Amino acid sequence: MRVARRALAGLFAAPALAQAAPVVVVVGGGFGGASCARALRRNGLAVTLVEPHATYTACPFSNTVIAGLRPMERQRFGYGALRDQGIGVAHQAATGVDATARRVTLADGSVLPYDRLVLSPGIALRFDALAGYDEAAAEVMPHAWHAGAQTELLRARLEAMEDGGTVVLTVPANPYRCPPGPYERASLVAHYLRTRKPRSKLLVLDAKDAFSKQRLFEAAWAALYPGLLEYVPLSGGGRVTGVNLAAREVVTEFGNHAGDVVNVIPPQRAGDIARIAGTADRSGWCPVDPASFESRLVPNVHVIGDACIAGAMPKSAFAANAQARVCADAITRLLRGAPVPEPRLLNTCYSLVGPGYGISVAGVYRAVEGVLADSPGAGGISPLDAPPAFREAEALYAEDWFATITADAFG
Amino acid sequence: MAPRLALSLLLQAMPAFAGEAPPGASSCLGCHSPARADGAIPSLRGRDPAEVAALLRAYRDGTAPATVMDRLARGFSEAESRAIAAWVVR
Ligand SMILES: Cc1cc2nc3c(=O)[nH]c(=O)nc-3n(C[C@H](O)[C@H](O)[C@H](O)COP(=O)(O)OP(=O)(O)OC[C@H]3O[C@@H](n4cnc5c(N)ncnc54)[C@H](O)[C@@H]3O)c2cc1C
């Protein structure tokens with residue numbers, strides 16, 4: 001015990017504490033970055049958040065905006081509470097990282113030194129993955145996988161469509177942001193069509209054969225949207241390889257499908273700054289240590305949220321927020337020379353398949369051989385045979401979760 | 001060897017700073033807001049930690065009705081659940 005205590009005293013006098021107060025820079029003010037900046041600040045550290053936009057537009061619940069069930073204003077959040085908390089907020093894009101000198105360069109040329117850097121840049125859409133689907137094509141066939149103008153564009157397209165039209169929605173292979181998100185969107189678009197344009201059809205083309213909460217979604221579709229929503233998996237020829245803008249068609253190996261409204265969700269990778277910083281591997285995503293979320297490739301740089309490879313954890317706002325808290329505590333320990341404990345994280349993702357009809361998937365994660373893995377016996381999806389009151393409760397909890405997570409991230 | 005092991009165990013268990021969460025606990029705040037008292041999902045701030053630990057045990061055993069807490073509580077042992085309960089009510 002005496003030995004231990006003396007060793008501990010030595011550890012707590014590690015250089016970072018003895019010298020100037022350590023500085024943490026966080027790049028990206030979304031669910032991961034904003035949550036992490038706030039948690040680091042609560043732990044007493046000096047924090048600067050780098051985020052180009054003055055207003056953040058949240059993706060969770062943006063599918064209800066697309067379906068006309070919710071106003072866009074409720075998706076928007078500012079950074080005033082972060083400033084009030086004493087976090088420096090630079091409304092700039094980070095353009096470079098010098099990991100040797102520990103400096104971040106911003107778009108205006110200014111330079112921020114750091115002791116530890118957190119990257120939470122979210123996703124970049126791969127405009128090189130589907131033939132003909134580039135940024136200009138996204139103005140015609142919106143992805144709406146970054147919330148904001150794209151969400152409003154898809155909403156406007158659906159509103160302008162005549163009754164009797166066809167909507168085509170394409171889904172990428174794993175991994176991508178929000179695994180159940182495309183199927184929630186399909187459900188809510190189907191709800192809009194059934195209630196407002198009942199002679200219309202929705203065709204969902206998927207690049208895979210199995211997906212998140214599949215049995216729950218399929219049971220709901222059969223009950224709520226029979227004859228309206230057609231789902232084509234990979235094995236049925238669902239993999240989209242390109243688009244033909246002039247004909248408003250998507251291209252598969254088995255033929256083309258025309259749509260009056262076409263929503264292409266393209267393949268994705270980590271946000272560009274992750275690659276620029278050297279933290280992304282050949283997959284386009286960032287390998288990290290599961291206890292600290294420190295990059296496996298670049299020391300003193302941590303990657304959280306959609307950009308990181310979090311093993312069994314999905315790319316969700318819940319996960320980004322949970323990782324942000326664990327990462328903030330790990331950084332606080334590391335800056336004090338203390339070891340980082342074994343990690344444990346949770347995830348819960350709700351989807352709405354219609355108003356008042358919620359379903360969920362949950363997980364508990366621990367590190368197994370350096371990768372976050374499902375805890376055996378825990379997690380899973382809502383029961384298949386749950387009564388309507390259960391589905392209603394989960395729809396209510398989904399709303400409540402959104403209120404809590406956005407309050408935690410943005411105040 | 002023995003003192004080194006003891007030290008590493010001690011360091012794992014010791015919080016490095018005030019209010020540090022035990023493993024798994026900080027994720028709870030993603031739904032259970034310490035700031036919002038009016039939510040459909042209850043805030044746990046100020047609750048009796050023994051009562052919260054008992055609830056976690058009941059969710060784990062499947063003896064309390066739940067939507068998602070049964071699926072989450074099964075990921076933790078009794079000792080882990082007690083540590084989480086003690087922290088999450090702060
Ligand atoms: C339709 C849809 C529905 C969804 N529903 C849910 C849901 O119900 N539940 C759930 O948990 N998740 C949901 N998600 C997923 C969730 O939105 C993401 O997982 C979450 O936003 C990830 O957080 P992040 O911090 O990694 O990235 P983001 O939240 O995207 O934040 C990244 C931020 O980084 C900034 N940035 C990027 N590059 C730079 C740079 N170079 N310099 C400075 N800043 C930069 C961006 O401007 C952005 O603000 C949904 C997603 C979609 C598309």
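Of all DSSP bridge pairs formed entirely within the stretch A:131-266, close to 35 percent run antiparallel. Full extension of the chain between A:E369 and A:L224 gives 47.9 nm of extra length, using 0.36 nm per residue less the Cα-Cα distance.
Seen through its C-alpha gyration tensor, with square-root eigenvalues sorted a ≥ b ≥ c, the stretch A:131-266 comes out rounded because a/c lies under 1.5. Helix-only arithmetic for chain A: the sum of -39500 (n - 2.57) across DSSP H runs with n ≥ 4, divided by the residue total, places the mean residue ellipticity at 222 nm at -9000 deg cm²/dmol. Let me know the shape class of chain A, please: from the alpha-carbon gyration tensor, a ≥ b ≥ c as square roots of the eigenvalues, rounded when a/c is under 1.5, otherwise prolate if a/b is greater than b/c, or oblate. It is prolate, given that a/c is not under 1.5 and a/b is the larger ratio. What is the Cα centroid distance between the stretch A:106-120 and the stretch B:14-90, reported in whole angstrom? Taking the Cα centre of each part, the stretch A:106-120 and the stretch B:14-90 sit 36 Å apart.
What residue among A:L228, A:T252, A:V171 has its Cα farthest toward the positive end of the dipole of the stretch A:131-266, where the charges are +1 on Lys, Arg and -1 on Asp, Glu, each on the Cβ? Sorting the options by dipole projection puts first A:L228. Shape class of the stretch A:88-138 from the Cα gyration tensor (axes a ≥ b ≥ c, square roots of the eigenvalues): prolate, since a/c reaches 1.5 or more and a/b is larger than b/c. With 0.36 nm allotted per residue and the present C-alpha distance subtracted, the A:I276-A:A210 stretch has 20.4 nm of extension available. Only Lys, Arg, Asp and Glu carry charge here, each on its Cβ (+1 for the first two, -1 for the last two); on that basis chain A has a dipole of about 1140 debye about its Cα centre. Every Cα-Cα pair of the stretch A:330-390 was included, and the share exceeding 20 Å stands at 49 percent.
Annotation: aspartates and glutamates with alpha-carbon distance below 16 angstrom to A:K315 (same-chain offsets under eight excluded): A:E184, A:D306, A:D374.
Each Lys and Arg adds +1 at its Cβ and each Asp and Glu adds -1 at its Cβ; summed about the Cα centre, the stretch A:241-366 shows a dipole of about 400 debye. Rounded to the nearest 5, what is the percent of antiparallel bridges among the DSSP beta bridges in chain A? If I count the DSSP bridges inside chain A, around 55 percent turn out antiparallel. Residue ranges A:164-171, A:106-113 sort as A:164-171, A:106-113 when ordered by packing (mean number of other C-beta atoms within 10 Å per residue, highest first). Among A:V243, A:A280, A:Y192, which residue has its Cα positioned farthest towards the positive end of the charge dipole of the stretch A:161-319, with +1 placed on the Cβ of Lys and Arg, -1 on the Cβ of Asp and Glu, and the dipole taken about the Cα centre? Checked the options; the winner is A:Y192. Here A:K201 is the anchor, and the aspartates and glutamates within straight C-alpha reach of less than 16 Å, apart from those fewer than 8 places off in the same chain, are A:E159, A:E162, A:D163, A:E230, A:E249, A:D260. Its Cα centre serving as origin, the stretch A:131-266 has a Cβ charge dipole (Lys and Arg +1, Asp and Glu -1) of approximately 420 debye. Give the distance, in whole Å, between the Cα centre of the stretch A:187-202 and the Cα centre of the stretch A:333-359. Going from one Cα centre to the other spans 33 Å. Averaged over peptide A:378-385, the number of partner chain Cβ atoms lying within 10 Å of each residue's Cβ comes to 3.
Cα centroid separation, the stretch A:215-265 to the stretch A:15-74: 35 Å. In the assembled protein chains, A:I405 presents an accessible area of approximately 0 Å² (probe radius 1.4 Å). Were the residues from A:S110 through A:A129 laid out at 0.36 nm apart, the gain over their Cα-Cα distance would be 3.5 nm.
Hey, could you get me the Stokes-Einstein D for the stretch A:192-320, Kirkwood radius over alpha-carbon pairs, 4 °C and 1.567 mPa s, rounded to whole µm² s⁻¹? For these conditions, the coefficient is 74 µm²/s. Averaged over the residues of A:332-339, the number of partner chain Cβ atoms lying within 10 Å of the residue Cβ comes to 3.
The values are calculated or read from the model by the stated rules, or taken from the named source; none is laboratory data. Not measured: the values here are computed from a predicted model. Quick reminder, even Gly has a Cβ in these numbers, built from the backbone with ideal geometry, and neighbours come from all protein chains shown. Note: areas computed on protein heavy atoms with side chains; ligands, DNA, RNA excluded. Shrake-Rupley method; radii C 1.70, N 1.55, O 1.52, S 1.80 Å.
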